[in-house]
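These notes concern the structure reproduced below.
Each reported figure results from applying straightforward, stated rules to the coordinates on display, with no laboratory input. All values reported here derive from a predicted model rather than from experimental measurement. Using ideal geometry, Cβ is built from the backbone for each residue, glycine included, and neighbour counts are taken over all protein chains shown.
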Amino acid sequence: MSRNRLDNLDPERQRVLFEAAAEEFAGKGFDGASLNRILAQSGMSKSSLYYYFDDKADLFTTLVERSIAVVFRQIGHFDPADLTPETFWSDFERRYARAVEIVSGNGWLVKFGGMFYALRADGKHGAATGRLFQAARRWIGAIVARGQELGVVRSDLPESLLVDSAMSLFEALDRWVVAHWEDMTAEERAALPAAHIGLFRDLLAPASRA
């Protein structure tokens, strides 16, 4: 997908397109979703759609990216430079708790998460999902670097290894939450932030601070 091309699309046309896509994917799933129905609902031509997106997987991944961006805006602005030794881990726990609240009120986010990981495992169409993990890696890299500056993230191992390890833990937890979300009680969901951020702290913090 050409990001510049999509950015040049009229915002209202973008809104109509992504609303139609969200409704179709939420109702039919990725495999059952029809680009023709999305086109009919949004009023966009097939040639225009393929000008902005490579295929259905690209459209869906872009929809997931935008959904995540909405959640992040609701959680609030984040700048690693604002973190301090005292707030480093508690800030992430607070933000995670806010994310749980948001997702609890928007079940379709979990449904999209399940579709996303199913698509990621698809050798033919899953390549589009890679850019989300590239973005996540850059984000985690910035957090690890800031944590090392503050002395709350270990520096006895290569930074790339710490980022790789944190990425693996992030994906494992995210997959688990998506798969088990509907089976959890409200209390179990509320306990996720402390438990999961605790795992990151055990992995990344210096031995004297873990």
When you check S104 against the structure, is it farther than 16 Å from D174 by Cα and out of contact with any helix residue (DSSP H, G or I) (no Cβ under 6 Å at 6 or more places or on another chain), yes or no?
no
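Let's see how each residue does on (1) surrounded by 15 or more Cβ atoms within 10 Å (Cβ to Cβ); (2) over 20 Å from G130 (Cα atoms); (3) touching a residue at least 40 places away in the same chain (Cβ under 8 Å); (4) not aromatic (F, W, Y):
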position	(1), (2), (3), (4)
D174	yes, no, yes, yes
H180	no, yes, no, yes
T185	no, yes, no, yes
D202	no, yes, no, yes
A205	yes, yes, yes, yes
S208	no, yes, no, yes
Residues (of a type outside the set (A, V, I, L, M, F, W, C), within 19 Å of G113 (Cβ to Cβ) and touching a helix residue (DSSP H, G or I) at 6+ places or on another chain (Cβ under 8 Å)) located in region 29-42
G29
